[in-house]
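Notes for the one structure printed next.
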Amino acid sequence: MAIEIPKENWQGRIGEVVIGATPEEGGTRTKKIVLGGENTLPFLDFDGDLPHAPVIGMEVLDVVREDYPVLALEPIQDVKDDPAQWAKKCVDEFGADLICLKLVSTNPEEEDRSPEEAAETVKEVLGAVGVPLFVYGCGIEEKDAKTMELVSNAAKGERVFLGLAEEAAYKSISVASMSNGHGVIAFSNLDINLAKQMHILLTDFGVKKENLIADPLMAALGYGLEYSYSVIERVKLAALMGDAMLQVPIVCETTRVYNARESFKEDPTLGDPKKRVVFWEAATGTSALVAGADMLIMRHPEALAMVRRSIGELVGGGT
Amino acid sequence: MATALEIFQKLPKTNCGDCGFPTCLAFAMQLANKKISLDKCPHVSEEAKEFLEASAAPPIRLVKIGSGDHVVEVGDETELFRHEKKFFHPTAFVLLIDDTASPEGRKQKVAHLKNLTFDRVGQIMGMDMVGVKATSNDPATFASVVQEVASQTDLPLLLVSENPDVMAEGVKAVADRKPLLHAATPENYERMAAVAKENGCSLVVRETTSLDGLADLVEKVKAAGMEDLLLDFGPANMGNMLRNLTIIRRLAVKKKFRPFGYPTFVLAEGATEDAGIITALGTMKYASVIAFDEAEVPMMYPLLTLRQNIFTDPQKPIQVKPGIYEIGSPTPESPVLITTNFSLTYFTVSGDIETSKVPSYLLVADSEGLSVMTAFAADKFNAEIAADLVKETGIEEKVSQKELIIPGQVSRMSGKLQEKSGWDIIVGPRDSSGLPKFLKERSS
């Protein structure tokens with residue numbers, strides 16, 4: 001008997017977003033990334049098109065504090081004090097598609113490095129790698145306003161994405177991104193209505209939709225993963241059903257795994273901590289992709305490799 | 001269940017009144033409400049009968065594997081997405097043992113099951129079944145290993161062989177345990193269905209060339225008298241698995257396509273890590289039973305946690321037990337904090353306290369599983385509840401000071417709480433992420 005595949009005829013399509021600019025577009029990136037463009041749920045190619053396979057970026061911090069988890073530190077021990085070399089290692093050795101540079105040292109309550117220094121770090125990382133960049137501030141708006149302004153200028157022409165725009169703090173970061181043709185990461189906290197609201201606020205403020213990527217907060221496995229999973233599925237479904245304000249590619253970070261001590265604490269009943277945390281991060285990333293993430297930001301190279309292999313199988317040919 | 005109008009379309013529409021109702025529509029309405037049975041109509045067609053039977057059955061059959069107190073239930077799912085209602089029957093995990101493994105190896109594997117049982121947020125999680133693979137393809141060897149394994153565990157069993165002679169011998173050893181048999185194939189289905197039927201066992205139907213072929217084979221096995229079936233299309237890779245499981249679930253739930261109205265079965269072979277990711281994917285997307293050869297603790301613990309997450313009822317958040325939790329090794333001088341018993345709230349707060357490296361006592365109030373702000377708004381977390389908790393837990397006897405740190409977002413309750421409890425109330429950070437800094441500064 002010939003089975004009729006029950007196809008969904010989705011009306012909506014996720015918008016395409018380009019990250020990074022090659023010399024052709026006025027930048028210096030050796031490659032750019034295109035996210036989105038799909039009109040079907042993740043990996044279900046019988047319902048529609050998935051023009052771009054999910055990509056994986058890696059996190060680079062401009063300072064590693066002493067509370068940075070030991071297991072995550074191991075692979076980058078030799079480069080941890082040099083963001084440019086750290087980024088280069090992520091790309092050359094670990095196969096990162098993108099670098100998410102977090103300027104945590106600008107936090108006025110911690111190292112309080114100046115916006116000028118931060119902009120210098122961005123330049124160094126741009127010089128060290130050919131992949132596109134996300135650049136995140138420290139999360140304190142007053143400081144980020146100045147930092148992002150200088151970062152935007154330092155990365156002029158490179159089409160970086162600045163983060164994170166939040167409901168209570170999105171204007172200065174939007175201004176910084178718009179002034180040099182960059183993009184913005186819109187953060188919302190496990191709430192589909194807030195996700196939509198963020199995109200409305202940002203587009204009303206003048207940010208074009210093709211310059212927007214959504215971060216709906218990926219909780220770690222065991223720490224609310226099911227909430228994130230369902231929020232992301234609902235965002236994706238609403239977008240496919242035609243809600244234009246949610247037709248924005250989604251990025252998820254798997255780094256919260258390292259806040260969940262259960263994933264790596266020494267406990268003989270839970271087995272080898274390194275194997276556990278690597279699989280924990282890979283499982284968290286896989287969940288995000290199955291729910292609807294177009295892109296991941298990851299921390300451990302072995303978890304990245306595991307998810308990379310899975311993506312290869314998931315996007316590969318037919319039923 | 002079909003609507004009255006859908007049923008009406010299948011009736012003769014003659015309004016003959018032989019059923020005892022004046023019109024066919026009136027009869028259809030009685031049928032839709034299950035007030036009467038279809039045989040009251042002497043003129044009804046075969047097509048109408050089939051339609052009604054099909055529409056009354058659940059979209060996916062509930063299959064019970066095992067016997068007595070040791071039964072795993074799979075199937076009976078009604079949703080494509082967990083947020084629409086919930087997923088009802090957690091994916092069953094099966095650890096496979098090879099009948100050609102050394103006696104020592106087999107024993108170790110069964111013993112290993114104990115290491116795979118965990119108590120997490122008050123729920124016991126672990127493996128659900130044990131399988132024996134007839135790699136030997138020898139009836140006597142298989143039967144003796146099946147018997148040996150069965151004697152060492154109460155878990156429901158899976159027997160794996162495509163040779164009906166081997167399977168028959170294996171089943172004989174454990175028939176009263178009602179094992180799940182894997183598998184009926186296009187080559188062996190007549191004899192395999194007979195073995196399953198004679199022994200009252202459930203049976204996996206395996207056809208790896210196409211879903212069309214699988215549907216055909218299911219029809220044949222059904223015609224042989226089997227109803228407790230599982231579907232195995234032998235996934236070629238992760239993408240093929242995700243797509244086929246989705247197609248099967250959609251056809252069963254949305255189209256009521258009867259040949260696919262059964263739970264699904266996945267054999268996760270291959271490298272341990274890949275089998276782990278396959279198991280994760282199957283758990284999220286519609287696999288009812290997954291069997292694998294290796295179950296290392298550092299991988300199984302996250303997988304069991306993932307299953308716990310995905311099969312949580314979205315309407316009923318997981319709660320932690322109210323009471324005192326010690327974080328680090330607190331002393332009489334350690335700070336005391338209070339929060340609510342929504343599991344995510346508890347985990348976030350306790351994680352942030354751990355990060356601070358300041359040993360503390362955390363009081364967890366019964367807010368019926370609501371987060372701090374929601375509970376406060378719904379009056380499930382207020383000064384009275386907090387004051388009662390302080391008294392009931394006897395925290396006063398554990399510490400030498402009487403200072404209680406409350407979440408910053410409920411600072412409004414501090415006056416009343418101070419009055420009710422007699423403790424000094426310290427307003428903590430608005431967000432739990434501020435705790436490490438807050439606690440470090442207070443302790444220095």
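The values are calculated or read from the model by the stated rules, or taken from the named source; none is laboratory data. Source: prediction; values computed, not measured. Neighbour counts are summed over all protein chains in view; Cβ atoms, including those assigned to glycine, are modelled from backbone coordinates with ideal geometry. Heavy atoms of the whole protein, side chains included, go into the accessibility calculation; ligands, DNA and RNA do not. Shrake-Rupley method; radii C 1.70, N 1.55, O 1.52, S 1.80 Å.
A few points about this structure:
- In the condition set (1) within 14 Å of chain B (Cβ to nearest Cβ); (2) closer than 26 Å to residue A:183 by Cα, residue A:130 is compliant with all but (1).
- Just so you know, in segment A:274-319 the residues that are of a type in the set (Asp, Glu) and within 16 Å of the chain's Cα centre (by Cα) include one that is farthest from the other protein chains (Cβ to nearest Cβ), and it is A:294.
- Taken over segment B:171-183, the criterion of being without any contact (Cβ under 8 Å) to a residue 40 or more places away in the chain and surrounded by 21 or more Cβ atoms within 10 Å (Cβ to Cβ) is satisfied by B:171, B:173, B:174, B:181.
- Condition check for residue A:138 on (1) part of a loop (DSSP other than H, G, I, E, B); (2) over 18 Å from the mean Cα position of the chain (by Cα); (3) surrounded by 19 or more Cβ atoms within 10 Å (Cβ to Cβ): one failure, at (2).
- Against the list (1) touching a Leu at 6+ places or on another chain (Cβ under 7 Å); (2) surrounded by 15 or more Cβ atoms within 10 Å (Cβ to Cβ), the condition residue A:116 fails is (2).
- Residues that are among the charged types (D, E, K, R) and at pLDDT below 95 within segment B:421-439 comprise B:430, B:431, B:437, listed in sequence order.
- Within segment A:212-262, being part of a helix (DSSP H, G or I) and among the hydroxyl-bearing types (Ser, Thr, Tyr) holds for A:227, A:228, A:229, A:230, A:255, A:258.
- Residue A:148 satisfies every condition listed in (1) farther than 22 Å from residue A:79 by Cα; (2) assigned to a loop (DSSP other than H, G, I, E, B) except (2).
- All positions within segment B:400-444 that are assigned to a loop (DSSP other than H, G, I, E, B), more than 14 Å from chain A (Cβ to nearest Cβ) and closer than 17 Å to residue B:345 by Cβ: B:407, B:428
- Counting only residues that are part of a loop (DSSP other than H, G, I, E, B) and open to solvent by 20 Å² or more (accessible area, probe 1.4 Å), segment B:363-386 holds 8 of them.
- Sub-6 Å Cβ pairs linking a first residue in segment A:33-59 that is touching a residue at least 12 places away in the same chain (Cβ under 8 Å) to a second residue that is in a loop (DSSP other than H, G, I, E, B) and of a type in the set (Lys, Arg), at least 6 apart or interchain, are A:39/A:13; A:47/A:7; A:59/A:299, ordered by first then second residue.
- Looking at segment B:18-137, the helices (runs of 4 or more DSSP H) lying wholly inside it that each contain 1 or more residues that are modelled with pLDDT under 95 and either open to solvent by less than 80 Å² (accessible area, probe 1.4 Å) or of a type in the set (Asp, Glu) (or both) sit at B:24-32, B:46-56.
- Leading residue by the ranking (surrounded by the most Cβ atoms within 10 Å (Cβ to Cβ)) among those in segment A:224-264 that are among the charged types (D, E, K, R) and in contact (Cβ under 8 Å) with a residue 24 or more places away in the chain: A:236
- Screening A:38, A:66 for residues that are in a loop (DSSP other than H, G, I, E, B) and open to solvent by less than 20 Å² (accessible area, probe 1.4 Å) leaves exactly one candidate, A:38.
- For segment B:342-365, a tally of residues being under 30 Å from the mean Cα position of the chain (by Cα), over 16 Å from residue B:413 (Cβ atoms) and more than 14 Å from chain A (Cβ to nearest Cβ) returns 1.
- Checked against the criterion of being within 30 Å of residue B:300 (Cα to Cα) and over 18 Å from the mean Cα position of the chain (by Cα), segment A:200-222 has at least one qualifying residue.
- Residue in segment A:151-170 that is part of a helix (DSSP H, G or I), buried (at least 17 other Cβ atoms within 10 Å of the Cβ) and within 14 Å of another protein chain (Cβ to nearest Cβ) present: no
- Pair list, Cβ < 7 Å and 6+ apart or interchain, from segment B:27-42 residues that are at positive phi to residues that are open to solvent by 50 Å² or more (accessible area, probe 1.4 Å) and acidic (Asp, Glu): none
- Lone unmet requirement of (1) under 21 Å from residue A:177 (Cα atoms); (2) open to solvent by 80 Å² or more (accessible area, probe 1.4 Å); (3) in contact (Cβ under 8 Å) with a residue 24 or more places away in the chain for residue A:24: (3)
- Check on residue B:110, of a type in the set (Val, Ile, Thr) and within 14 Å of chain A (Cβ to nearest Cβ): no
- Residue match in segment B:209-225 (condition: hydrophobic (A, V, I, L, M, F, W, C), away from chain A (no Cβ under 14 Å) and in contact (Cβ under 8 Å) with a residue 60 or more places away in the chain): no
- Against the conditions (1) in contact with a strand residue (DSSP E or B) (Cβ under 8 Å, 6 or more places away or on another chain); (2) crowded, with 20+ Cβ neighbours inside 10 Å; (3) farther than 30 Å from residue A:302 by Cβ, residue B:358 satisfies every one except (1).
- Apart from one condition, residue A:106 fits all of (1) in contact with a helix residue (DSSP H, G or I) (Cβ under 8 Å, 6 or more places away or on another chain); (2) at pLDDT 95 or above; (3) within 14 Å of another protein chain (Cβ to nearest Cβ); the exception is (3).
- In segment A:178-202, the residues that are hydroxyl-bearing (Ser, Thr, Tyr) and surrounded by fewer than 18 Cβ atoms within 10 Å (Cβ to Cβ): A:179
- Checking each residue in segment A:263-273 for being in a helix (DSSP H, G or I) and more than 7 Å from chain B (Cβ to nearest Cβ) picks out A:263, A:268, A:269, A:273.
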